[in-house]
Amino acid sequence: MDLAADQQRDRLAWWLAVGMLAALLAFVALNVLGTLVLGLFIYYVVRPLNERVDRHLPSDTAATVTFLGVILPLVAVVAYIVVVAVRELFAAFAGRSLTVSALLAPYLDSSVAEPRETTVRTVLNQPISFLTSNAGTAREVADAALALVGAASGILFVLLVAAAVAYFLLQDGDRLYRWSRANLFAEESTLDAFLRTVDHDLETVYLGNVFTVALVAVGAAVVYNGYNFLVPAPVEIPIPTALALATGLASFVPIVVGKLVYVPLTGALVISALGNDTGLLVYPAALFVVALIFLDILPQTVIRPYLAGRELHTGATMLSYVLGATVFGWYGIFLGPLVLVLVVHTSRIVLPELVAGEELTPEVSAPASLGSEGDRTE
């Protein structure tokens, strides 16, 4: 009896330790939830390519090749697009912003009747005096520069950590799954069926949507920059590349697609045309028609169904993106579909038996139209 009691106490102590460790891991995960979800998204996007490479190389080597050849260039491209968009935004508001040339203009102006004794050489030779007389301006410039550097560093850190998470999943994800199936749950158990169906639908949704976003962003860049090449200055698009990127990102949300961008954009161009010449209205009208067809109807009715399939309800998918972004912020775009897939397959595989008080089985009880059957082969 004493031996059994000691074993029970040992088991209880270990369960407490495991519970504390799980709580600590959950705390860490919640604090970096956005980065983890982004890493999961990158993993599902590049996994099909990694599987092709894995057919010709060892698994660890294939993951490294995918990381160096796909994930890091992908992160670099995203960072470059963000930099271009920010540069265009600064260029658009350059007339209202304080620049270095504006700061030094009084010392470079030779057209005044009595030239100032303080020239650029004086500024360089007496920097303390210059900074003292312009302390407020210099402080504002420094604060803005530090804020920009801090934001860029934060974005780069999130992208790199997310890339590292994706690399870990590529290298050890299947190995971890096989270990879990051998030690924690049976191969044909309910949990195994649940994980396989979730895995299949996440790959379908994430991969299909990223292709849709990329195609819409490229198409929007062609449309917006081509439009600027053809139209007069009063009705030009001010920041075409940044707005093209925004149009592509808006395409993450089904049904809404690019309406969040091109509708306000064409409205602003109409106002600009009315303020200059009503004959210019033909240009924003043509832009609206082209955007409606090629950046809205075509992606929604042809591209997305072809790439992402019809395994999840379109309305539910739309709400998952909208509510995810509303509740969680930027990473809700990736977390919303994950929550939707988990809810759908819990309802299909687990919930009917739980409600009926029956034994849990790996069989799907709800209509198959709500999600896939998880028939992904390993």
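Pick out the one residue from Val53, Val32, Val65, Val37 that is modelled with pLDDT of 90 or more and either touching a Phe, Trp or Tyr at 6+ places or on another chain (Cβ under 8 Å) or farther than 19 Å from Thr204 by Cα (or both). Please lay out each step first, then the result.
Details: Val53 fails: modelled with pLDDT of 90 or more; Val32 fails: modelled with pLDDT of 90 or more; Val65 fails: modelled with pLDDT of 90 or more.
Exactly one residue qualifies, and that residue is Val37.
Do we have Pro234 as farther than 23 Å from Gly39 by Cα, over 20 Å from the mean Cα position of the chain (by Cα) and not in a helix (DSSP H, G or I) here? Criteria not met by Pro234.
Scanning the stretch 320-338 for residues that are more than 10 Å from the chain's Cα centre (by Cα) and either outside any helix (DSSP H, G or I) or in the same structural domain as Leu38 (by TED's automatic domain parsing) (or both) gives a single hit, Gly329. Considering only the stretch 341-349, I want to know if a residue exists there that is surrounded by 16 or more Cβ atoms within 10 Å (Cβ to Cβ) and among the small types (Gly, Ala, Ser). No, every residue in the stretch 341-349 fails to be surrounded by 16 or more Cβ atoms within 10 Å (Cβ to Cβ) and among the small types (Gly, Ala, Ser).
When the residues of the stretch 20-64 are filtered to those that are among the basic types (Lys, Arg) and loosely packed, with under 14 Cβ neighbours inside 10 Å, the one that is nearest to Phe157 (Cα to Cα) is Arg52. Do you know which of the residues in the stretch 245-300 that are under 18 Å from Tyr321 (Cα atoms), part of a helix (DSSP H, G or I) and among the β-branched types (Val, Ile, Thr) is nearest to the chain's Cα centre (by Cα)? Only one residue fits best here, namely Thr247.
For every residue, the table says whether it meets (1) closer than 16 Å to Leu287 by Cβ; (2) touching a Gly at 6+ places or on another chain (Cβ under 9 Å); (3) crowded, with 17+ Cβ neighbours inside 10 Å; (4) touching a residue at least 40 places away in the same chain (Cβ under 8 Å).
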residue: Ser153; (1), (2), (3), (4): no, no, no, no
residue: Ala164; (1), (2), (3), (4): no, yes, no, yes
residue: Leu176; (1), (2), (3), (4): no, no, no, no
residue: Thr204; (1), (2), (3), (4): no, yes, yes, yes
residue: Val216; (1), (2), (3), (4): yes, yes, yes, yes
residue: Pro238; (1), (2), (3), (4): yes, no, no, yes
residue: Val263; (1), (2), (3), (4): yes, no, no, no
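The values are calculated or read from the model by the stated rules, or taken from the named source; none is laboratory data. Computed from a predicted model, the values in this text were never measured in an experiment. Please note: Cβ atoms are built from the backbone with ideal geometry, for glycine as well, and neighbour counts cover all protein chains shown.
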